[in-house]
Amino acid sequence: MDYDIIFSKLHKKLESIADNGKVANYIPELNKVDPNKFGVHLTTVDNQNFSFGNANEKFSIQSIAKVLALTLAYKLEDEKLWKRVGVEPSGTAFNSLFQLETDLGIPRNPLINAGALVVSDILISHLKNPKKEFLEFVRNISGISTINYCPRIVASEKATGYRNTALVNLMKSYGNIKNDIEEVMDFYFNLCSIEMTCQELSKTFLFLADYGISPFSKEKILSKSKSKRINAIMQLCGFYDEAGEFSFKVGLPGKSGVGGGIVAIYPNKYCIAVWSPKLNKRGNSNMGIKFLELFTTETQTSIF
Ligand code: GLU
């Protein structure tokens, strides 16, 4: 399939639709991004690559990195992980507090902020040098040694992270955070600050399209069963309170971030990454979702 031609055809279609989204401003550093950027990159499981637009510019992948943290935590903890975090869609915003109180400090899933904070805590308990070892893990999966944290974004998030601090304190009060709160916050903000291009993102997540095997090193990152389960969590929980809508319109497991990126997986076929910084009301890339809807319709590559 010639995805390059399809990308430019669909991008033309998008130009006729008004983008009423807004770049995230609650993290001041994210608001400095050019709102008109648009990039897409698709990597097939046999390593063919297709790009369009600003696919080689780095951006803040934000919550997309939560899937990578979950991958490492699942490897280290096995099924014990699910005692501390659930696998149910939350139906609430990414930074919502209210469910945590009724759920006694157990986040609904690992892809909302509360869940990723628990996953961060678990990684800190397992790793000697958590930030360094986590970054090495991501570089190893992707085969890209230049992937890094962004200190500007970390500082900006730390200066404004009131809700995340509230979430972590609430969970600590229920005994679901074991390490020092400062350390958990620092790891979490670094996690969210990772920068990648669309090309890097689609390569990094390709192991989830290949049943847990890194297509580059051929290393087994996860078992087939665990890879299936992470895809299942993305399908149900990857878009906060818009997960149902994404499934309905696009029909692929995926994950978004407030930097405007989205990654989506077609098992045994491809991984696609889109970047368009303006977000809709639910905090997901407005044009990114529209593009993927058109793309899976045109190529008839929804998993359903
Ligand atoms: N760093 C962001 C936060 O904690 C991540 C949110 C997101 O990408 O959804 O608010």
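Estimated at 0.36 nm per residue, the fully extended path between E133 and N49 surpasses their Cα-Cα distance by 27.4 nm.
Volume per residue of the convex hull around the Cα atoms, evaluated for segment 139-197, comes out as 101 Å³. With all protein chains in place and ligands, DNA and RNA left out, the 1.4 Å accessible area ranks Y211, Y162 as Y162, Y211, largest first.
Taken one residue at a time, the phi angles of segment 253-262 give Karplus couplings (6.51, -1.76, 1.60, θ = phi - 60°) of x, x, 8, 10, x, 6, x, x, x, 9 Hz. Gly and Pro are set to x.
Taking all protein chains together and a 1.4 Å probe, the residues H126, H11 rank H126, H11 from largest to smallest accessible area.
In square nanometres, what is the average projected area of the Cα convex hull of the chain? Mind dumping the intermediate values first?
On the way: hull surface 54.8 nm².
Result: a mean projected hull area of 13.7 nm².
Note on N56 and S145: the extension gain reaches 30.5 nm, defined as 0.36 nm multiplied by sequence separation minus the Cα-Cα distance. With both labels modelled 7 Å from their Cα along Cα-to-Cβ, the E79 to E183 distance reads 3.0 nm. Cα centroids of segment 1-77 and segment 233-304: how far apart, whole angstrom? The distance from the Cα centre of segment 1-77 to that of segment 233-304 comes to 10 Å. Phi-derived couplings, Karplus 6.51 cos²θ - 1.76 cosθ + 1.60 at θ = phi - 60°, listed residue by residue for segment 75-90: 4, 7, 9, 6, 6, 4, 3, 6, 6, 9, 8, x, 10, 9, x, 8 Hz, with x used for Gly and Pro. Rg over Rh for segment 1-69 works out to 1.01, both radii taken from alpha-carbon positions and Rh defined as the Kirkwood radius. Derived value for segment 221-280: Kirkwood hydrodynamic radius 12.0 Å. Basis is the mean of 1/r over every pair of different alpha-carbon atoms.
Helix 113-126: angle to the longest alpha-carbon principal axis of the chain, degrees 0 to 90, nearest 10? Tilt of helix 113-126: around 60 degrees.
Taking only protein heavy atoms and a 1.4 Å probe, what accessible area per residue, in Å², does the chain have with all protein chains in place? Mind showing how you got there, number by number?
On the way: 12250 Å² over 304 residues.
For the chain, the solvent-accessible area averages 40 Å² per residue.
Relative to the longest principal Cα axis of the chain, at what angle does helix 162-173 sit, 0 to 90 degrees, rounded to 10? Rounded to the nearest ten degrees, it is 50. Tell me the carbon and sulfur percent of the accessible area for the chain, rounded to whole percent, probe radius 1.4 Å. About 52 percent, which is the carbon plus sulfur part of the accessible surface. Principal-axis analysis of the Cα atoms of the chain puts helix 224-237 at an angle of about 90° to the longest axis. Near S227, once Lys and Arg are set to +1 and Asp and Glu to -1 for all other residues with Cβ below 10 Å from its Cβ, the sum equals +4.
Figure the gain on full extension for L170 and E88 (residue separation times 0.36 nm, minus the Cα-Cα span) and round it to one decimal in nm. It would help to have the intermediate numbers written out before the result.
On the way: separation 82, 0.36 × 82 = 29.52 nm, distance 1.98 nm.
27.5 nm is the gain from fully extending L170 to E88.
The magnitude of the dipole of the chain, with charges of +1 and -1 set on the Cβ of Lys/Arg and Asp/Glu and taken from the Cα centre, is near 160 debye.
The values are calculated or read from the model by the stated rules, or taken from the named source; none is laboratory data. The shown structure was predicted, so the numbers you read here are calculated from the model rather than taken from an experiment. Ideal geometry is used to build each Cβ from the backbone, glycine not excepted, and the neighbour counts take in all protein chains shown. Quick note on the areas: whole protein, heavy atoms, side chains included, nothing else; ligands and nucleic acids left out. Shrake-Rupley method; radii C 1.70, N 1.55, O 1.52, S 1.80 Å.
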